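Chemist: Take this structure, written in structure tokens, and hold onto it; I'll ask about it next.
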Protein chains: 2
Amino acid sequence: MTETAAGRALPHPEREDIRLEGVLHAVSDPMRLRIVRELATKEAELTCSQFDLPVTKSTSTHHFRVLRENGVIRQVYRGTAKMNALRRDDLDGLFPGLLASLLAAADRQSVRLGDDG
Amino acid sequence: MTETAAGRALPHPEREDIRLEGVLHAVSDPMRLRIVRELATKEAELTCSQFDLPVTKSTSTHHFRVLRENGVIRQVYRGTAKMNALRRDDLDGLFPGLLASLLAAADRQSVRLGDDG
């Protein structure tokens, strides 16, 4: 995944600059955890507007930015659309098994609490 | 582990009230992650003062409280000492494998960054 149009490229940490504490902070928010789960389930790039989040657009933008800045997702412009993808390879490379166990824990909690998950 | 002297018992969430997001928030701070790793390694109750944290006493107290209030540790008075223990059974019961993968990720990062871990 490359960032083409230089003027529109968004800053991302390199893999080696991703920190566990930052990843944990990023996913400790319910809305951001929901975004991560949806990206993991769909296994595809999604635009921000494809997420049906019960927050304002500016709050949503903030959440995607926190995920990007902490190395959890990659945001790339494709034409006029900003596409979001999970940095699964980077996260699995740095912290093998962590993402899977986080997603499993989130699934389990959703079932337990009767969320739509 | 019971809280004996009622007047001095500290509030803890019941297992079923522990939330993944809260746990992730609690361990997303470097000092708090360090406390959790030390409790996991020692596999024993430790007093707050047994942790050699580079922060003030009040900051340290705050970190232990965040861990307790989010269900990550149990704090119990034994005589005059406040003892800290990881709620491993509760966390493993709610989120099987999560604590282990968090600890493994933290170990791996320490090695990679050359921290004393």
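Chemist: For region B:28-54, how many residues meet the condition of being in a helix (DSSP H, G or I) and within 22 Å of B:GLN109 (Cα to Cα)? Reasoning before the result, please.
Modeler: The first filter runs over region B:28-54 and keeps only residues in a helix (DSSP H, G or I), leaving B:30-42, B:48-50.
From the residues that got through so far, the ones that are within 22 Å of B:GLN109 (Cα to Cα) too are B:30-42.
The total comes to 13.
Chemist: Sort through B:LEU67, B:LEU10, B:LEU39 and tell me the only one that's touching a residue at least 40 places away in the same chain (Cβ under 8 Å), more than 17 Å from B:LEU99 (Cα to Cα) and aliphatic (A, V, I, L, M).
Modeler: Details: B:LEU67 fails: more than 17 Å from B:LEU99 (Cα to Cα); B:LEU39 fails: more than 17 Å from B:LEU99 (Cα to Cα).
Being touching a residue at least 40 places away in the same chain (Cβ under 8 Å), more than 17 Å from B:LEU99 (Cα to Cα) and aliphatic (A, V, I, L, M) holds for just one of B:LEU67, B:LEU10, B:LEU39, which is B:LEU10.
Conditions (1) under 19 Å from B:LEU20 (Cα atoms); (2) surrounded by 12 or more Cβ atoms within 10 Å (Cβ to Cβ); (3) at pLDDT 95 or above; (4) among the polar types (S, T, N, Q), marked per residue:
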| residue | (1), (2), (3), (4) |
| --- | --- |
| A:GLU3 | no, yes, no, no |
| A:ARG8 | no, no, no, no |
| A:HIS25 | yes, yes, yes, no |
| A:HIS63 | yes, yes, yes, no |
| A:ARG74 | no, yes, yes, no |
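Chemist: Got at least one residue in region A:98-109 being at pLDDT 95 or above, in a strand (DSSP E or B) and surrounded by 20 or more Cβ atoms within 10 Å (Cβ to Cβ)?
Modeler: To start, the set of residues in region A:98-109 that are at pLDDT 95 or above comprises A:98-109.
In the following step, the residues that additionally are in a strand (DSSP E or B) were identified as none.
No - not one qualifying residue is present in region A:98-109.
Chemist: Here is a follow-up. For A:HIS12, are the conditions met, namely being open to solvent by less than 60 Å² (accessible area, probe 1.4 Å) and in contact with a strand residue (DSSP E or B) (Cβ under 7 Å, 6 or more places away or on another chain)? Quick ask: steps written out before the conclusion?
Modeler: Numbers: open to solvent by less than 60 Å² (accessible area, probe 1.4 Å): yes; in contact with a strand residue (DSSP E or B) (Cβ under 7 Å, 6 or more places away or on another chain): yes.
Spelling it out, A:HIS12 is indeed open to solvent by less than 60 Å² (accessible area, probe 1.4 Å) and in contact with a strand residue (DSSP E or B) (Cβ under 7 Å, 6 or more places away or on another chain).
Chemist: Let me ask something else. Say we look at region A:27-39 and pick out the residues that are more than 8 Å from chain B (Cβ to nearest Cβ) and open to solvent by less than 10 Å² (accessible area, probe 1.4 Å); which of these is nearest to A:PHE64 (Cα to Cα)?
Modeler: To start, the set of residues in region A:27-39 that are more than 8 Å from chain B (Cβ to nearest Cβ) comprises A:31-32, A:34-39.
Pick out the ones that are also open to solvent by less than 10 Å² (accessible area, probe 1.4 Å) and you get A:35-36, A:39.
Numbers: A:ILE35: 8, A:VAL36: 10, A:LEU39: 12 Å.
The selected residue is A:ILE35.
Chemist: While we're on this one: Can you pull out the residues in region A:77-97 that are within 20 Å of A:GLU45 (Cβ to Cβ), within 11 Å of chain B (Cβ to nearest Cβ) and surrounded by 15 or more Cβ atoms within 10 Å (Cβ to Cβ)?
Modeler: Within region A:77-97, just A:LEU91 meets the criteria.
Chemist: While we're looking at this one, here's another question. Quick check on B:SER49: is it small (Gly, Ala, Ser) and more than 14 Å from chain A (Cβ to nearest Cβ)? Spell out how you get there, then give the answer.
Modeler: Working: small (Gly, Ala, Ser): yes; more than 14 Å from chain A (Cβ to nearest Cβ): yes.
Taking the combined requirement at face value, the residue satisfies it.
Chemist: Then there's this: Can you tell me how many residues within region B:55-97 are assigned to a helix (DSSP H, G or I) and of a type outside the set (Ser, Thr, Tyr)? Even if it seems obvious, please write down each step before you answer.
Modeler: Filtering region B:55-97 down to residues assigned to a helix (DSSP H, G or I) leaves B:57-69, B:88-94.
Those still in the list that are of a type outside the set (Ser, Thr, Tyr) too: B:57, B:62-69, B:88-94.
Summing the residues that are assigned to a helix (DSSP H, G or I) and of a type outside the set (Ser, Thr, Tyr) in region B:55-97 gives 16.
Chemist: So, one more: Identify the residue in region B:24-50 that is touching a Ser or Thr at 6+ places or on another chain (Cβ under 7 Å) and not small (Gly, Ala, Ser) and, among all such residues, is nearest to B:ASN84 (Cα to Cα).
Modeler: Filtering region B:24-50 for residues touching a Ser or Thr at 6+ places or on another chain (Cβ under 7 Å) gives B:24-25, B:28, B:48.
With the extra rule that they be not small (Gly, Ala, Ser), the set shrinks to B:24-25, B:48.
Values: B:LEU24: 19, B:HIS25: 19, B:CYS48: 7 Å.
The qualifying residue nearest to B:ASN84 (Cα to Cα) is B:CYS48.
The values are calculated or read from the model by the stated rules, or taken from the named source; none is laboratory data. Since the model is a prediction, treat every value here as computed from it, not as a measurement. Glycine also receives a Cβ, built like all others from the backbone with ideal geometry; neighbour counts cover every protein chain displayed. For the accessible areas, the whole protein counts, side chains as well, though only heavy atoms, and no ligand, DNA or RNA atoms are used. Shrake-Rupley method; radii C 1.70, N 1.55, O 1.52, S 1.80 Å.
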